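Encoded as structure tokens, the structure appears first; notes follow it.
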Amino acid sequence: MTKSTKSARAEKISFADSNLLRNLCGEHDRHLKLLEKLEDVKIKPWGNTLSISGEEAAVAVVSGVIRQLCDLMLKGLHVELSDFDYAHRILSQDIDFDLSHVFLDTVFISSKKRVIAPKSVAQRRYIDSMRNADMVLAIGPAGTGKTYLAMAMAVSCLLERKVQRIILTRPAVEAGERLGFLPGDLAEKVNPYLRPLYDALYDMVDMEKANALIGKGLIEVAPIAFMRGRTLNDSFIILDEAQNTTSEQMKMFLTRLGFCSKAVVTGDITQIDLPTERSSGLVEAAAVLRNIPAVRIVHFSQVDVVRHPLVADVISAYASWEKENKNQKS
């Protein structure tokens, strides 16, 4: 791959491998069209060459995305449309960032042969925190991979025998009366609230194997009320939707941690469903534990959203709207 620059506003990138270039461009050049949408540039494929023109800063970012993703493809990375979006987000903030530090940091390979790896700098920081700390708080909006990456790390630790079991928990409801409106026994009543955890689990491990692990007690999915009075040794424990825990529930959960265990707490403090008179256990825990070096607190933003690109726009729009309303009220 060689480079020649016509001017400050134009750049050419040549490729020795036409198949590599074809995969880089995507079907009907959809990868290039996405980059043109993300930055005010024009990208023209011509033979084994890509010509990029536009404002100098925009050309630099797009050129960096193409060059680095090309290098990653040469190292075996299968690049998808979303990877161009993630790479652009990172390099638009730091043009000199080495994408291999993120994209090649494999956490787990799922039963569907999907490589699970970080897609943003914050996700990479989150994974490093889970590897190196026994207690991690992940706070940020929906779609930033908080629960999914924690699940991938937990399954990886279980299969590598670093822990003996995985415990997945989340608050079901604030008041027990609400469960009474659902049919069935207690397990059937709380199951709908735990469904997202099962969904993430089944995406990592095929359903038959996952159910076998659950049957053997190696993976336990339960509401947070079931944690009281227990000491959880040799376990990877994930508390999901932690913004809806009360102060008492959060303190109870955090003090369950036993020897050779890890606890990961995830939540979105902009979506608290508790009554207004109750404070969120996650908000309180972040404040109480912030000065303990052994506890890592990782914050995500809409930049780290790994769902449909529209999700990041929705989150940003709501944040602006809430800020505007707050200013008007004050």
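The values are calculated or read from the model by the stated rules, or taken from the named source; none is laboratory data. Because the structure is a prediction, the values reported are computed rather than measured. Don't worry about glycine lacking a Cβ; one is built from the backbone with ideal geometry, like all the others, and counts go over all protein chains shown. In case anyone asks, the SASA skips ligands and DNA or RNA and just uses the protein heavy atoms, side chains included. Shrake-Rupley method; radii C 1.70, N 1.55, O 1.52, S 1.80 Å.
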| request: List every residue whose amide H lies under 5 Å from the amide H of L137, counting only residues 5 or more places away in sequence or on a different chain, with H placed 1.01 Å from N in the peptide plane. | output: V265, R296, I297, V298
| remark: Sorting M73, M207, M130 on solvent-accessible surface, 1.4 Å probe, most exposed first, gives M207, M73, M130
| field | Per residue accessible area in Å² of the range 201-330, where ligands, DNA and RNA are left out and the probe is 1.4 Å | value | 57 Å²
| query | Can you give the charge dipole size of the chain about its Cα centre, rounded to the nearest 20 debye, using +1 on the beta carbon of Lys and Arg and -1 on the beta carbon of Asp and Glu? | reply | 500 debye
| task | Quote the accessible area belonging to S51 in square angstrom, nearest 10, computed with a 1.4 Å probe and with ligands, DNA and RNA left uncounted. | result | 40 Å²
| remark: Contour minus Cα-Cα span, K209 to N23, at 0.36 nm per residue, comes to 63.5 nm
| query | Taking the Cβ-Cβ separation of E56 and E248 as r and a Förster radius of 41 Å, what is the calculated FRET efficiency to the nearest 0.05? | reply | 0.15
| remark: The local net charge around I127, scoring Lys/Arg +1 and Asp/Glu -1 for residues other than I127 whose Cβ lies under 13 Å from its Cβ, equals +4
| Amide H to amide H under 5 Å from S235: which residues, 5+ apart in sequence or cross-chain, H placed 1.01 Å off N in plane? | Q164, S261, K262
| said: Past 22 Å, Cα to Cα: identify those pairs from K37/K119; K75/K119; K42/K119; K33/K119; K12/K37, in the order given. | reply: K42/K119
| field | Carbon plus sulfur fraction of accessible area for the range 184-330, probe 1.4 Å, in percent | value | 55 percent
| request: Could you give log10 I(q)/I(0) at q = 0.07, 0.08 Å⁻¹ for the chain, computed by the Debye formula over C-alpha point scatterers of equal weight, without solvent? | output: -0.35, -0.46
| task | List the residues whose amide H sits under 5 Å from the amide H of F108, counting only those 5 or more places along or on another chain, with H placed 1.01 Å from N in the peptide plane. | result | I116
| said: Could you give the length gained by full extension between S82 and L159, i.e. 0.36 nm per residue of separation minus their alpha carbon distance, to one decimal place? | reply: 24.9 nm
| request: Counting only heavy atoms of the protein chains, get the accessible area per residue of the range 59-119 (1.4 Å probe) and round it to a whole Å² value. | output: 44 Å²
| Efficiency by 1/(1 + (r/R0)^6): what FRET value for N48 and L310, r their Cβ-Cβ distance, R0 = 35 Å, to the nearest 0.05? | 0.50
| Kirkwood hydrodynamic radius of the range 213-304 from all distinct Cα pairs, in Å? | 14.3 Å
| task | With a 1.4 Å probe and all protein chains in place, put Y198, Y148 in order of accessible area, largest first. | result | Y148, Y198
| task | Would you mind telling me which residue in H88, H101, H31 has the biggest mean-square fluctuation in a Gaussian network model of the chain, where springs connect alpha carbons within a distance under 10 angstrom? | result | H101
| request: Sum -39500 (n - 2.57) across every DSSP H segment of at least 4 residues in the chain, then divide by the residue count to get the 222 nm mean residue ellipticity, nearest 500. | output: -13500 deg cm²/dmol
| For the range 7-41 and the range 219-273, what is the separation of their C-alpha centers, rounded to whole Å? | 46 Å
| message | Just to confirm a number: summing +1 for Lys and Arg and -1 for Asp and Glu over residues other than L257 whose beta-carbon lies under 13 angstrom from that of L257, what do you get? | response | +2
| task | Taking the Cβ of L72 as the centre, find all other residues whose Cβ is under 11 Å away and add up their charges (Lys, Arg: +1; Asp, Glu: -1). | result | -1
| Among A242, A150, A16: highest mean-square fluctuation, GNM of the chain, C-alpha pairs under 10 Å | A16
